[in-house]
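The values are calculated or read from the model by the stated rules, or taken from the named source; none is laboratory data. Nothing here was measured: the structure is a model prediction, and the numbers come from that model. So basically every Cβ, Gly included, is an ideal-geometry build from the backbone, and we count neighbours across all protein chains shown.
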Amino acid sequence: MRKRRKSLFTLLFTVVLAISIINGQNHPILASSIGKDTLTMITSPDYPPFEYYENQGNTRKIVGFDIDIANYIAKELGFKLEIMETDFGGLIPALQANRADFAMASMNPTPERKQNVDFSLIYYQGRDSIVADKGSKITKLEDLAGKKLGVQLGTTQEQNAKKMAAKLPGMEIKLLSKAPEMIQEIKSGRIDAVILGEITAQGFTQSNPELGFYPLPPEDKEAGGSAVAFPKNSPLVAPFNKVLQKMIDSGDLNKLKTQRIAAIKDTLIPTQAVTKTGLNFDISRIIPDIPFILQGIPVSLMFTLLSLFFGLIWGTLLSLFKITGIKALTWFANAYTSVFRGTPMLLQLALVYYATPQLTGYNIPALQAGVLTFTLNSGAYMSETIRGGIQSVDKGQTEAALSMGVPYHLMMWDIIIPQALKNILPALVNETIGLLKDSALVSTLGMVEILRSAQIVGANKYIYFEPLLFAGLIYYVLVMSLTFSASALERRLRLSE
């Protein structure tokens, strides 16, 4: 009896152990080869229903068809999932800098992209559609002859449009950056039609009833479709392909797609159609999303104030370098100012954010990269302003302080610089206003500030004007508040003289 029990126990133990090994054999091996238990996904959450923000009270959450797939795969492979965001143009640079393990953003595996990153198998193949004004009678490809067609830059639609242009006489192509801009170009009469993915086209036409969408015949599946992007030689490609194929065969992928399409359609609010000369404007469409846009204010103010504080310190040091009389310091300050004033801030931002990990090995966060870039840039501009302010102070005060034996650094800190800052206060206010408006650039790093929040709302609702105009109102209120406060401070300083 005991032998039977022992044999039975041994058998059960062996079965359980075997099942555990079979179920877990891929996960520990894969996790150990990567060296972590969390996968980082990067996306551009402005393309519903594939990736977009869902507002739940005061919380922001990135959801969508691609996010559902990523969660499914991570669970199957035994990983946790962390989601980062950036502008669409920053996805591949982020993978090249090893900021993320993979990217999903309805990305097409074009030959140019394959040279820089690896791709999974195609997990979604949607038809393209023509979107045009219902009165234009443009319903098929042949109707585009002699018309102006809009397509999104860097997409398979752009490649297909160039092929069509060779067959359709007189067709002109206009390249645009974002889908909402393309729709607005139709409504303003600058182009006659655009080509978009079928699901996206449905969303825009439901929200803009004056437009119609007309699906095109399906293209060769190898020519387009959406795939997961990975850094070159990533060990995740094969495991992802295995799970994706399982999802396709079981029908789970189609279920996720259907659920997301239904969810996004419930959020759309159609408006009355208008003519091309009218303005389709209805602020009520974004009222539920106003709290979401307002949450971008602290981010913009944080970047502005931190950059102003550190930029003022750095600009003061540079200005002292320029007037110190030491040739090496003067040359450095002038050369530095020349470089940072002579190149766009957007370029500087991209170099700091994407090049730093590759050059130093430090994966600099977006917040630090933004503040550092703004500090370096504003310091260059402020140095000239502060230098002018210092030189505007009466030289007699410098001579008097030195004659009394006051050390040079104390004289500058206690006597000259306070007067210089008082003289250049209006210029500093202008620099602060410029920093506040330029804070919109950090959206390219995935920081959701005021403008980015408005763009996300517009993308989610398939609208254009309302969220941007509301963002403009926020900027205006902030700038006017800053201007009023500066004027009050300036009056008080004058009274204290």
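Does region 356-365 include one or more residues that are at pLDDT 85 or above, closer than 25 Å to residue 427 by Cβ and not acidic (Asp, Glu)?
no
If residue 391 passes every condition in (1) surrounded by 17 or more Cβ atoms within 10 Å (Cβ to Cβ); (2) within 17 Å of residue 428 (Cβ to Cβ) but one, which one does it miss?
(1) is the only condition that residue 391 fails.
Being closer than 17 Å to residue 241 by Cβ and polar (S, T, N, Q) is the filter here, so list the residues in region 109-142 that pass it.
Within region 109-142, 120, 125 meet the criteria.
Name the one entry in 189, 212, 224, 197 that is under 25 Å from residue 136 (Cα atoms) and at pLDDT below 85.
197
Pairs under 7 Å by beta carbon, first residue among the hydrophobic types (A, V, I, L, M, F, W, C) in region 161-189, partner assigned to a loop (DSSP other than H, G, I, E, B) and modelled with pLDDT of 85 or more, six or more apart or different chains?
164/171; 165/171; 168/145; 171/145; 171/146; 171/147
Failed condition for residue 375, given (1) closer than 27 Å to residue 296 by Cα; (2) at pLDDT below 90, with all others met?
Single failed check for residue 375: (2).
Can you name the number of the only condition in (1) buried (at least 16 other Cβ atoms within 10 Å of the Cβ); (2) in contact (Cβ under 8 Å) with a residue 24 or more places away in the chain that residue 415 fails?
All conditions are met except number (2).
Looking at (1) in contact with a Ser or Thr (Cβ under 6 Å, 6 or more places away or on another chain); (2) of a type in the set (A, V, I, L, M, F, W, C); (3) in contact (Cβ under 8 Å) with a residue 40 or more places away in the chain, can you tell me which one residue 352 breaks?
Against the list (1) in contact with a Ser or Thr (Cβ under 6 Å, 6 or more places away or on another chain); (2) of a type in the set (A, V, I, L, M, F, W, C); (3) in contact (Cβ under 8 Å) with a residue 40 or more places away in the chain, residue 352 comes up short only on (3).
Scan region 216-229 and give yes if some residue there is part of a helix (DSSP H, G or I) and crowded, with 22+ Cβ neighbours inside 10 Å, otherwise no.
In the first step, residues of region 216-229 are kept if they are part of a helix (DSSP H, G or I); the result is 221-223.
If we keep only those that are crowded, with 22+ Cβ neighbours inside 10 Å too, we end up with none.
No; the residues of region 216-229 include none that is part of a helix (DSSP H, G or I) and crowded, with 22+ Cβ neighbours inside 10 Å.
Going by the structure shown, is residue 173 surrounded by 21 or more Cβ atoms within 10 Å (Cβ to Cβ) and under 26 Å from residue 114 (Cβ atoms)?
Values: surrounded by 21 or more Cβ atoms within 10 Å (Cβ to Cβ): no; under 26 Å from residue 114 (Cβ atoms): yes.
In short, no.
Can you list residue pairs whose Cβ atoms sit under 9 Å apart, with the first residue in region 452-464 being free of Cβ contacts under 8 Å to residues at least 60 places away in the same chain and the second being of a type in the set (S, T, N, Q) and surrounded by 24 or more Cβ atoms within 10 Å (Cβ to Cβ)? Count only pairs 6 or more apart in sequence or on different chains.
none
Tell me whether region 76-85 contains one or more residues that are aromatic (Phe, Trp, Tyr), within 30 Å of residue 182 (Cα to Cα) and at pLDDT 75 or above.
Looking through region 76-85, none of the residues is aromatic (Phe, Trp, Tyr), within 30 Å of residue 182 (Cα to Cα) and at pLDDT 75 or above.
In region 185-198, what residues are in contact with a strand residue (DSSP E or B) (Cβ under 9 Å, 6 or more places away or on another chain) and not charged (D, E, K, R)?
186, 189, 191, 193, 194, 195, 196, 197
Look through region 325-344, keep the residues that are surrounded by 14 or more Cβ atoms within 10 Å (Cβ to Cβ) and β-branched (Val, Ile, Thr), and return whichever of them is farthest from residue 382 (Cα to Cα).
So, considering only residues that are surrounded by 14 or more Cβ atoms within 10 Å (Cβ to Cβ) and β-branched (Val, Ile, Thr), the one farthest from residue 382 (Cα to Cα) is 330.
What do you reckon, is residue 474 closer than 21 Å to residue 54 by Cα and of a type in the set (Val, Ile, Thr)? Steps first, answer last, please.
Numbers: closer than 21 Å to residue 54 by Cα: no; of a type in the set (Val, Ile, Thr): yes.
No, not satisfied.
Cβ-Cβ under 6 Å, sequence separation 6+ or interchain: first residue in region 49-64 and in the same structural domain as residue 103 (by TED's automatic domain parsing), partner β-branched (Val, Ile, Thr) and modelled with pLDDT under 85. Which pairs?
Every condition considered, the pairs that remain are 49/261; 49/264; 53/456.
Answer yes if at least one residue in region 329-341 is out of contact with any strand residue (DSSP E or B) (no Cβ under 8 Å at 6 or more places or on another chain), within 30 Å of residue 474 (Cα to Cα) and not hydroxyl-bearing (Ser, Thr, Tyr), and no otherwise.
Within region 329-341 (the criterion being out of contact with any strand residue (DSSP E or B) (no Cβ under 8 Å at 6 or more places or on another chain), within 30 Å of residue 474 (Cα to Cα) and not hydroxyl-bearing (Ser, Thr, Tyr)), the answer is yes, since at least one residue qualifies.
Go through region 278-336 and give me each residue that's under 30 Å from residue 210 (Cα atoms), without any contact (Cβ under 8 Å) to a residue 24 or more places away in the chain and assigned to a helix (DSSP H, G or I).
Once the filter is applied, which keeps residues that are under 30 Å from residue 210 (Cα atoms), without any contact (Cβ under 8 Å) to a residue 24 or more places away in the chain and assigned to a helix (DSSP H, G or I), region 278-336 yields 284, 287.
What's the number of the only condition in (1) farther than 15 Å from residue 214 by Cβ; (2) more than 30 Å from the chain's Cα centre (by Cα) that residue 143 fails to meet?
(1)
For region 225-250, enumerate the residues that are polar (S, T, N, Q) and touching a strand residue (DSSP E or B) at 6+ places or on another chain (Cβ under 8 Å).
226, 233, 234
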